[in-house]
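Below is one structure, written out as structure tokens, with a few remarks after it.
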Amino acid sequence: MSNLALFPVVIPLIFAAILMLFPKKLHMQRAVAIGGVAATLASALVLFSKVSNDGVQAVTLGSWPAPFGISMVSDMFSVLLVLSSTIVTLFVLFYSIPTIGVKREQSFYYPAVLFLMTGVNGAFTTGDIFNLFVFIEVLLMASYALIVHGGEKPQLRESIKYLLVNIISSALFVSAVAYLYSVTGTLNMADLAVKIPQIEAVGILTVIAVLFLVVFGFKAAIFPLYFWLPGSYFAPPMAILALFGALLTKVGVYAIMRTYTLFFTMNTGFTHELLAIIAILTILAGCVGALAYFDVKKIIIYNIIIAVGVILFGISQMNAAGVEGSIFYLVHDMLIKAALFLLVGILTVIFGTSDLRKMGGLIKSYPLFGWTFLVAAFGLAGIPPLSGFPGKLLIVQGGFEGTHFWGSLVILATSLLVLLSVVRIFIYAFWGEPVKIVTIDRKHYLSMFVPTAILVALTVFLGAGAELFMPFVSDAGEVLLNPSLYIDAVLKE
Amino acid sequence: MRTNDVMLQTATKVVTFIILMFAVHIFFAGHYTPGGGFVGGLLTASAIVLLMLAFDIPTVKKIIPINYVVLSAVGLLIAIATASASIVFDVPFFTHAYDYFDLPLFGETSLHSALLFDIGVYLVVVGVTMTIIQTIGEDE
């Protein structure tokens, strides 16, 4: 099957179109949406086994020869991300059924989620820089619909900011692509990786590389371009927030990782040094935010920014340990962020507020929920043997092996701050004097808690079974560090 | 105050059909020469918008009783189905087939599977444009 790499992109698109035909039929909407994501997951698993057996899968659309047609490339790195994003979407869908509200469900919530998934999986799979822009636009369109979905006042206010920031960064994206094309004469990523080392004008390419860092930095929320994120992500309901937090910034991070390992490697002394410094500043800025707020949503939102910094620091080292650490941490972060947002969502439902100071004493009435939250919090901070640990360990090791040992020290120190920021939620919400809580019936609670708990269990498995996953991660890292594997797969004919 | 729109309405009755005919012409010109589903769809949508300006939205809804959201979903499905046909033949996605046929009246004609894809694009463009314009227009 030459088209296998496309299945995780096309299947959600088909199901989204089908869902648009009958928006009011509630049960059909739920069933078809979950069926669609499950089918996508199945195709992603098949693709995963194909890639791990036969290496990089590439297909160039329309039977055009490779640098001219649009290539879709599925290497281990991209298929790992496709797999984790599909898993996250599936669990978030299960969580949205009891929480999102019938009114939203009947006005195109599920099609929007599936369109978002099309964009995310497409962005992870494409091998063409302009096509990357197209897929990012697809996921942005869906995210515009989702962020304003329901039309509450804060949502409308924040969506204007979100829209403006993204339109400006999209305009910059197109200009950056135009610059790149005018210098290299190609937009196929594999072809770029061949052509860029042959070009002597390193200066102009460095400018373009930094421009791309700005463009992707807007999406990935790096310092100082993260200003739009805390406000915009705060507005929509928790299920949508979990999707955004787990998937959207990761597309930006992925784009930086891909471009900065595959072809923007002509002047690493400048570009990757810059990336390392920005990554560390991102971590510090995120820590300040995560500790400053008493709002559970805000705390987790700022933790997104910290994770972006950690991942980008690993990739800026350009050595095996750093890159593999980044890949592992990226997969871990997608799962754990979704899990934490869903947990915090249950917390806000139970207390009827997201303010920590109005919470307390929940451990007596919901013990299992409390301990699940603690496990997820430890996982986020990277306490062994949970899933944050192996990735962070490798990233820190990469920093020590590279030239930025001070960066590794910052990451180690800030891990404690991350731990403090989430354990603070645990202490405030679960310890202390019990406060008045909203009574929710058992069935409703379980329908929220079960998908969340399974997601947390998955992250525990990812951490405890790290030995099992490491071969795939090093496969993925190998393609990033040896671009020739990627190039040969695309330009083979 | 009600404006006198007899001229607009009379002109629209003729002009709409000219625009629609031109849309069909542009649509079929596509692929080998400039044109195609996107611009054809935009022209069709502009004809419907002209009708809405000259008369009003309820009247136009009575003339063309179409749910535009469903229309764009159907278009999307047609477009994806055409592109996905390549999966059945195990050639790269989006690969099209074409051949030359001797048709009565037309003579030798090139028939291209891209036409099916373009029909999908046409429906999506009409559907999405009209959904947007109707949503803004009804918002008073």
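Derivation of every value follows stated rules applied to the coordinates shown; laboratory data play no part. Being a predicted model, the structure only gives us computed values, none of them experimental. Please note: Cβ atoms are built from the backbone with ideal geometry, for glycine as well, and neighbour counts cover all protein chains shown.
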Review point. Per the Kirkwood formula on distinct C-alpha pairs, the Rh of chain A is how many angstrom?
Key: 22.5
Review point. Can you give me the Cα centroid spacing of the range A:124-153 and the range A:335-364 in angstrom?
Key: 28
Practice item. Report ³J(HN,Hα) in whole Hz for each residue of the range A:64-79, in order, from the Karplus equation J = 6.51 cos²θ - 1.76 cosθ + 1.60 where θ = phi - 60°; Gly and Pro get x. Key: 6, x, 3, x, 8, x, 7, 8, 10, 10, 10, 9, 4, 4, 5, 6
Exercise for review: Working from Cα positions, state the angle (0 to 90°, nearest 10) between the long axis of helix B:68-88 and the longest principal axis of chain B.
Suggested key: 10
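Normalised by the number of residues in the range B:6-138, what is the relative contact order in percent for Cα pairs under 8 Å and 6+ residues apart? Please report the intermediate quantities before stating the final value.
Numbers: 163 pairs, mean separation 37.9, N = 133.
Reported as a whole number, the value is 28 percent.
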Check your understanding: Any idea what angle helix B:6-29 forms with the longest principal axis of chain B, computed on alpha-carbon atoms, 0 to 90 degrees, nearest 10?
Key -> 10
Practice item. Enumerate by residue number the trypsin sites (Lys or Arg not before Pro) in the range A:357-393 meeting two conditions: DSSP loop (anything except H, G, I, E, B), and at most 10 other Cβ atoms within 10 Å of the site's Cβ. Key: A:LYS364
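Counting only pairs 8 or more places apart or on different chains, how many lysine pairs in the range A:273-367 have C-alpha atoms closer than 22 Å?
Working: A:LYS297/A:LYS337; A:LYS297/A:LYS358; A:LYS298/A:LYS337; A:LYS298/A:LYS358.
Close lysine pairs under the 22 Å cut-off: 4.
If you take every residue apart from A:ILE97 with its C-beta less than 13 Å away from the C-beta of A:ILE97, what net charge results, scoring Lys and Arg +1 and Asp and Glu -1? Show your work: numbers first, answer last.
Values: positive: A:ARG30, A:ARG104, A:LYS443; negative: A:GLU105.
So the environment of A:ILE97 carries a net charge of +2.
How long are the semi-axes of the ellipsoid equivalent to the range A:221-358, from square roots of 5 times the Cα gyration tensor eigenvalues, in whole Å, largest first?
Values: eigenvalues 178, 42, 26 Å².
Listed largest to smallest, the semi-axes of the range A:221-358 are 30, 14, 11 Å.
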Revision key, fill the gap. Log entry: pair-distance distribution for the range B:6-138, C-alpha pairs binned every 10 Å from zero, whole % per bin is 12, 34, 31, 16, 6, 0
Revision key, fill the gap. Once phi for every residue in the range A:442-449 is put through the Karplus expression 6.51 cos²θ - 1.76 cosθ + 1.60 (θ = phi - 60°), the whole-Hz ³J(HN,Hα) values, with Gly and Pro written as x, are 3, 5, 4, 4, 5, 5, 8, 6
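Averaged across B:92-100, how many Cβ atoms of other chains sit within 10 Å of each residue's Cβ atom? Let's see the in-between values first.
On the way: counts 13, 14, 10, 8, 2, 0, 0, 0, 0.
Average per residue, whole number: 5.
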Review point. When a footprinting reagent is the concern and you count Cβ atoms within 10 Å, what order do A:SER49, A:SER84, A:SER326, A:SER78 take, fewest first?
Key: A:SER49, A:SER84, A:SER78, A:SER326
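Please arrange A:VAL134, A:VAL375, A:VAL82 by counting, for each residue, the other beta carbons lying within 10 Å of its beta carbon, fewest first. Provide the component values of the computation, followed by the final result.
Values: A:VAL134 14, A:VAL375 20, A:VAL82 29.
In increasing order of surrounding Cβ atoms, one gets A:VAL134, A:VAL375, A:VAL82.
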Point to revise | Rounded to whole Hz, the Karplus (6.51, -1.76, 1.60) HN-Hα couplings of the range B:90-95, x for glycine and proline | key: 6, 10, x, 3, 6, 5
Point to revise | Local net charge near A:GLY477, Cβ-Cβ under 12 Å (Lys/Arg +1, Asp/Glu -1) | key: -4
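Give me a single rounded figure for A:19-31: the average over its residues of other chain Cβ atoms within 10 Å of their Cβ. Don't jump to the answer; show the numbers that get you there.
Working: counts 1, 9, 6, 2, 4, 0, 0, 0, 0, 0, 0, 0, 0.
Neighbouring Cβ atoms belonging to other protein chains average 2 per residue here.
Quick one: order A:ILE311, A:ILE437, B:ILE136, A:ILE147 by neighbouring beta-carbon count within 10 Å, fewest to most.
Details: A:ILE311 29, A:ILE437 16, B:ILE136 9, A:ILE147 24.
Starting with the residue having the fewest Cβ neighbours, the order is B:ILE136, A:ILE437, A:ILE147, A:ILE311.
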Point to revise | Whether the range A:106-168 is rounded, prolate or oblate, judged on the alpha carbon gyration tensor where a/c under 1.5 counts as rounded | key: oblate
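Where does the range A:201-288 land on Rg/Rh, using Cα atoms and the Kirkwood Rh? Spell out each step's value before the answer.
Numbers: Rg = 14.3 Å, Rh = 13.9 Å.
Radius of gyration over Kirkwood radius for the range A:201-288 works out to 1.03.
Which chymotrypsin sites (Phe, Trp or Tyr not before Pro) in the range B:1-48 sit in a loop by DSSP (not H, G, I, E or B) and have at most 12 other Cβ atoms within 10 Å of their own Cβ? Walk me through the numbers on the way to the answer.
Values: sites: B:PHE17, B:PHE22, B:PHE27, B:PHE28, B:TYR32, B:PHE38; in loops: B:TYR32.
Sparse-neighbourhood loop chymotrypsin sites (Phe, Trp or Tyr not before Pro): B:TYR32.
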